[in-house]
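Accompanying notes for the structure given below.
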Amino acid sequence: MTRGLNRLSRLAFLATSALAAPAAMAQAAPQAPAEDSNVIIVTAQKRSENLQNVPISIQALGTAKLDQLNVSNFNSYAQQLPSVVAQSSGTPGTNVIYMRGVASGGDGNHSGSLPSVGVYLDEQPVTTIGGNLDVHVYDVARIESLSGPQGTLYGASSEAGTIRIITNKPDTKAFYGRVDAEVNTVESGGQGGKLEGMINAPLSATAALRVVGFYQRDAGYIDNKLATRCFLPQPGGICVSNASTAKKNYNDTETYGGRAALKIDLDDNWIVTPAVMYQEQKSHGVYAYEPSVGTLQVEHFFPDFRNDRFVQAALTIEGKIGSWDLTYAGAYLDRKDNSSSDYTDYAEIYDTFYDNGIAGSLYFKDNAGNSIDPRQQVIGSDHFKKMSHELRIASPSTERLRLVAGLFYQRQSNQIHQDYKVANLADDVSVNGFPGTIWLTQQYRVDKDYAAFGELSYDILPNLTLTAGGRYFKYDNSLIGFFGFGRNPGDGYTADPVNAAAFPKYGVSRCFTDAGDRLYDYATGDKSSSTTLLPPAVAGSPCTNLGVYDNGTVKPVRAKGDGGTYRFNLSYKPTSDVLLYATVSRGFRPGGNNRFGLAGAYKPDYLQNFELGFKTTLAGGLLRLNGAIYQQNWNHFQFSYLGPASFTIITNGPSARIRGFDMDATVSLDRFTLNLAGAYTDGKIRQNLCKADDPTFQCTGLAADGSPNEVYAPAGTRLPITPQWKMSGTARYTVPVGAAKVYGQLNGSYQSSATPDLRVTYAEALGRLRAFAMLNASVGADWERFSIEAFIQNLTNKHGDLSRYAECGSCERAYIVTTTPRTFGIRAGAKF
């Protein structure tokens, strides 16, 4: 508590100092241009257009709306976008985004499927495997949510939709800036706050620099309860305590960083904008609680933390060749995360499987042969790199026939490290060369995409336009490295010098020898094989068991393919304020490789979308009403689940049909504004989901692990994660009081219940995601140069279910990722 108050006092001091400085400068400073809330300009079709004239389903949150809703991260804006949901462990930076119900669950593993929703920062893709980039939102022009397949203009990971974060650009017209500060306290939790600032500085008549800085602390509210666990049920068992990690308000996150962009007008036609963003997030504890322990409580025995750092350098060049627009957008993203996770639940559940405990049956011994504490701590890291280039050309937007076309290339890689540590583990039980490591994952993954795309629009009549677009793509995805156990002297494979593993399907026993065989071949009696292991293909591993032997070396397993997507759109404007459109479009997600070699590769999946929509601006702009109804056919979707030894396996499952609609409305009166948005989603599988691939979907035969195939979910089962109903709304009333504009605002959201997993028995074990509603309230005042606001988030203190998960495939303890409890806060800002 004292630590939290000290941090809060320091933050308040910084905020007061920061507000005082611009106040002295603000006497005659020019102001940034005001945002017109009735006109929202978007670039969803790679052109600047009024949102009401774009014939696709878009929800956009502009600068003013983002400020009014106090949006600073993914969770805060996702709650306002009815077509968007997420699944994660709750820790920032681990969210997997879904749109319009295109979710099978279980995604997000570093060796798993690519995302089905693309995320862009300005013109550059920042879509990553294992959790979306949780970009801090400040001085952002708008967030665009594009529902439905965007595979023509945005490519591979925009199968179900795209989210675009568009920052404010440098402005050569005037010097101005702003600074904002907040302090808050979470009910029965800790204290937090944020400090943010921006400066726009013209350097000359043709150049300007815009710099943003931010710091945010999210307070904890999950308690790690003092607890004891015991293993080895016979007399003399091992009991342990979590006294060293037990703590109130266990989870908290600090986010800090900055962004800078330089705009250079080379001449009247050419603009160069280099930009860089740096962000670091340090999260402690877990953001989920165990209902079996208590509300907002867990029992964890090892430190839980995640440090997530990224830097992105981007370059955009815009110019004209004659009357045509030419744009180049390139970027390089470098993201590193390091984590520690408690894995005690895994040891506990397996301890119950054996009469003499997991330590006795799986040889959890020290070097003297004594049984040891079998708990595991997972030390992990990912080093993700992404390079992307796009070159496109666009004909004049005023012409009757219009073209947007381009070329795209990206390469993303990930260095994957997962070390499952057991204290005092004997050397001859550990992974070879890694004392104390019971399981090691050390892999290198590369995903490459190439594409050529184009969209052609033709005005059949002045108010009737036909658009046809296509994208030809190629992908080349590879994976190589090591995963599994080391040697285990208790399994009978003791032939010297063979180091045989506990299980023959993964680990050192599956590593390649210089004869091109697996070590397991020799260990099981084939003495014509070899015991000399090839050097590891990925540094930091003992050998290589994930790859393909080729003439004395091991090369990556690869999944390659090509294909095409399309979009056909017919739009009609009977009046200048009404737009009607019909769309048929297709999105895709590339195939890839399973790290569990016996499971083989998985194929691409495709999403076909049929959509009718309308956009209307009525009563002289006082009412804006938009909506769309759709059906999506998701063919042989990629299904991820925790398989043998609790690692992810991906197969191509059955097909699904998703029907729904989304709508949003805005009423703008003199002093009162009302925004309402909602989405209905009904997604169901059309054939049985089987444990293993079965082209008949009757779920017969054997799975990859040799066990009988079975029905995981019968035809007609609803797709998981996405609620049938999700809605949000904001009412704001403003009244002038002297030089100030005083306002009150209510913001609410609701989502119905959903299942956490597609597999029926697993979903039942985890429990349903319960329906919940949230209400936020604020009152404040805006002057020309200053603002102040008091707010309450989660006014009714609901513990809403955002996700549910278990630590391993066999673990019975369910975790619930919950909404932040009721939070009180004060915000203040100054412009100069």
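The values are calculated or read from the model by the stated rules, or taken from the named source; none is laboratory data. Bear in mind that the values here come from a model prediction, so they are computed numbers and not experimental data. Note that we place each Cβ from the backbone using ideal geometry, even for glycine, and neighbour counts take in every protein chain shown. Side chains included, ligands, DNA and RNA excluded: accessible areas come from the protein's heavy atoms. Shrake-Rupley method; radii C 1.70, N 1.55, O 1.52, S 1.80 Å.
Name every residue in the range 536-554 that is within 16 Å of ASP517 (Cβ to Cβ) and open to solvent by 50 Å² or more (accessible area, probe 1.4 Å), in order of residue number. It would help to see each step written out before you state the result.
Just the residues of the range 536-554 that are within 16 Å of ASP517 (Cβ to Cβ), to begin with: 543-554.
Passing the criteria: VAL548, TYR549, ASP550, ASN551, THR553.
Being open to solvent by less than 20 Å² (accessible area, probe 1.4 Å), β-branched (Val, Ile, Thr) and within 24 Å of THR327 (Cβ to Cβ): is that true of THR128 here?
On the way: open to solvent by less than 20 Å² (accessible area, probe 1.4 Å): yes; β-branched (Val, Ile, Thr): yes; within 24 Å of THR327 (Cβ to Cβ): yes.
It is true that THR128 is open to solvent by less than 20 Å² (accessible area, probe 1.4 Å), β-branched (Val, Ile, Thr) and within 24 Å of THR327 (Cβ to Cβ).
Restricting GLY93, GLY108 to residues that are touching a Lys or Arg at 6+ places or on another chain (Cβ under 8 Å), in a loop (DSSP other than H, G, I, E, B), of a type in the set (Gly, Ala, Ser) and closer than 16 Å to ARG306 by Cβ narrows the list to GLY93.
For the range 297-312, filtered to residues that are in a strand (DSSP E or B) and among the charged types (D, E, K, R), the residue that is farthest from PRO125 (Cα to Cα) is ARG306.
Looking only at the range 265-283, decide whether some residue is under 30 Å from GLU348 (Cα atoms), small (Gly, Ala, Ser) and in a loop (DSSP other than H, G, I, E, B).
Taking the range 265-283 as the starting set, the residues that turn out to be under 30 Å from GLU348 (Cα atoms) are 282-283.
From what is left, the residues that are small (Gly, Ala, Ser) are 283.
Checking the rest, the ones that are also in a loop (DSSP other than H, G, I, E, B) come to none.
The answer is no, given that none of the residues of the range 265-283 is under 30 Å from GLU348 (Cα atoms), small (Gly, Ala, Ser) and in a loop (DSSP other than H, G, I, E, B).
Hey, LEU262 hits all of (1) modelled with pLDDT of 95 or more; (2) in a loop (DSSP other than H, G, I, E, B); (3) surrounded by fewer than 22 Cβ atoms within 10 Å (Cβ to Cβ) but one; which does it fall short on? LEU262 satisfies every listed condition except (2). If only residues of the range 811-826 that are polar (S, T, N, Q) and touching a Ser or Thr at 6+ places or on another chain (Cβ under 9 Å) are counted, the one that is farthest from THR796 (Cα to Cα) is THR818.
Considering the range 472-486 alone, what residues qualify as being assigned to a strand (DSSP E or B), open to solvent by less than 10 Å² (accessible area, probe 1.4 Å) and either small (Gly, Ala, Ser) or over 21 Å from LEU519 (Cβ atoms) (or both)? Give the steps one after another, and end with the answer.
Of the residues in the range 472-486, the ones assigned to a strand (DSSP E or B) are 472-484.
If we keep only those that are open to solvent by less than 10 Å² (accessible area, probe 1.4 Å) as well, we get 473, 477, 479, 481-484.
Matches in the range 472-486: PHE473, ASN477, GLY481, GLY484.
Anything in the range 197-229 that is part of a strand (DSSP E or B), out of contact with any helix residue (DSSP H, G or I) (no Cβ under 9 Å at 6 or more places or on another chain) and over 30 Å from ASN269 (Cβ atoms)? List them, or say none.
Let us first name the residues in the range 197-229 that are part of a strand (DSSP E or B), namely 197-204, 207-218, 223-224, 228-229.
Filter once more, keeping what is out of contact with any helix residue (DSSP H, G or I) (no Cβ under 9 Å at 6 or more places or on another chain): 198-204, 207-214, 216, 218, 223-224, 228.
GLY213, PHE214, GLN216, ASP218, ASP223, ASN224, THR228 - these are the residues of the range 197-229 that are part of a strand (DSSP E or B), out of contact with any helix residue (DSSP H, G or I) (no Cβ under 9 Å at 6 or more places or on another chain) and over 30 Å from ASN269 (Cβ atoms).
Per this entry, ASN432 is counted among residues that are open to solvent by less than 70 Å² (accessible area, probe 1.4 Å), polar (S, T, N, Q) and touching a helix residue (DSSP H, G or I) at 6+ places or on another chain (Cβ under 9 Å). Restricted to the range 565-678, the set of strands (runs of 3 or more DSSP E) holding at least 2 residues that are under 30 Å from LEU461 (Cβ atoms) and open to solvent by 10 Å² or more (accessible area, probe 1.4 Å) comprises 578-589, 605-618, 623-635, 656-668.
Sort out which residues of the range 101-112 are more than 19 Å from ASP337 (Cβ to Cβ) and open to solvent by 10 Å² or more (accessible area, probe 1.4 Å), and write them in order of number.
Within the range 101-112, the subset more than 19 Å from ASP337 (Cβ to Cβ) is 101-106.
Listed by number, the list holds a single entry, GLY106.
Scanning the range 67-90 for residues that are assigned to a strand (DSSP E or B) and either touching an Asp or Glu at 6+ places or on another chain (Cβ under 8 Å) or within 25 Å of ALA181 (Cα to Cα) (or both) gives a single hit, GLN87. Are any residues in the range 441-462 within 25 Å of the chain's Cα centre (by Cα) and open to solvent by less than 20 Å² (accessible area, probe 1.4 Å), and if so, which ones? THR441, GLN443, ARG445, VAL446, ASP447, ASP449, ALA451, listed by residue number.
Just to be sure before I move on: is VAL137 in contact with a helix residue (DSSP H, G or I) (Cβ under 9 Å, 6 or more places away or on another chain) and hydrophobic (A, V, I, L, M, F, W, C) in the structure I sent? So VAL137 passes the test.
The residue that is nearest to VAL286 (Cα to Cα), among those in the range 35-66 that are of a type in the set (A, V, I, L, M) and outside any strand (DSSP E or B), is LEU66. Only one of the numbered conditions (1) within 23 Å of VAL42 (Cβ to Cβ); (2) open to solvent by 10 Å² or more (accessible area, probe 1.4 Å) is not met by ALA160, and that is (2).
With ALA174, ALA208, ALA181, ALA219 as the choices, which residue is free of Cβ contacts under 8 Å to residues at least 60 places away in the same chain and small (Gly, Ala, Ser)?
Values: ALA174 fails: free of Cβ contacts under 8 Å to residues at least 60 places away in the same chain; ALA181 fails: free of Cβ contacts under 8 Å to residues at least 60 places away in the same chain; ALA219 fails: free of Cβ contacts under 8 Å to residues at least 60 places away in the same chain.
Just a single option satisfies the conditions, and that option is ALA208.
Kindly indicate whether GLU144 is assigned to a loop (DSSP other than H, G, I, E, B), of a type in the set (Asp, Glu), under 17 Å from the mean Cα position of the chain (by Cα) and farther than 24 Å from LYS336 by Cα.
Values: assigned to a loop (DSSP other than H, G, I, E, B): no; of a type in the set (Asp, Glu): yes; under 17 Å from the mean Cα position of the chain (by Cα): yes; farther than 24 Å from LYS336 by Cα: yes.
So GLU144 does not fit the description; no.
Can you spot a residue in the range 88-100 that is within 26 Å of ILE480 (Cβ to Cβ), at pLDDT below 95 and open to solvent by less than 10 Å² (accessible area, probe 1.4 Å)?
yes
I'm checking my understanding of the structure. Among residues of the range 705-730 that are surrounded by fewer than 20 Cβ atoms within 10 Å (Cβ to Cβ) and at pLDDT below 95, which one is nearest to PRO756 (Cα to Cα)? Applying the filter and picking the extreme gives VAL711. Residues satisfying the criterion are present in the range 756-771 (criterion: surrounded by fewer than 17 Cβ atoms within 10 Å (Cβ to Cβ), closer than 28 Å to LEU61 by Cα and under 25 Å from the mean Cα position of the chain (by Cα)).
For the range 705-722, which residues satisfy the criterion of being among the small types (Gly, Ala, Ser) and farther than 15 Å from GLU764 by Cβ? Spell out the reasoning first.
To start, the set of residues in the range 705-722 that are among the small types (Gly, Ala, Ser) comprises 706-707, 713, 715-716.
Hits for the range 705-722 are GLY706, SER707, ALA715, GLY716.
Looking only at residues in the range 284-296 that are outside any strand (DSSP E or B) and open to solvent by 30 Å² or more (accessible area, probe 1.4 Å), which one is nearest to VAL183 (Cα to Cα)? The residue in question is THR295.
For the range 524-532, check the following and say yes or no: at least one residue is farther than 30 Å from ILE56 by Cα, open to solvent by 10 Å² or more (accessible area, probe 1.4 Å), modelled with pLDDT of 85 or more and among the acidic types (Asp, Glu). Among the residues of the range 524-532, not one is farther than 30 Å from ILE56 by Cα, open to solvent by 10 Å² or more (accessible area, probe 1.4 Å), modelled with pLDDT of 85 or more and among the acidic types (Asp, Glu), which makes the answer no. Does ASP325 satisfy the condition of being more than 28 Å from the chain's Cα centre (by Cα), surrounded by fewer than 23 Cβ atoms within 10 Å (Cβ to Cβ) and free of Cβ contacts under 8 Å to residues at least 12 places away in the same chain? Spelling it out, it is not the case that ASP325 is more than 28 Å from the chain's Cα centre (by Cα), surrounded by fewer than 23 Cβ atoms within 10 Å (Cβ to Cβ) and free of Cβ contacts under 8 Å to residues at least 12 places away in the same chain. I'd like the full set of residues that are in contact (Cβ under 8 Å) with a residue 40 or more places away in the chain and in contact with a strand residue (DSSP E or B) (Cβ under 8 Å, 6 or more places away or on another chain), limited to the range 763-775. Of everything in the range 763-775, those that are in contact (Cβ under 8 Å) with a residue 40 or more places away in the chain and in contact with a strand residue (DSSP E or B) (Cβ under 8 Å, 6 or more places away or on another chain) turn out to be LEU766, GLY767, LEU769, ALA771, PHE772, MET774.
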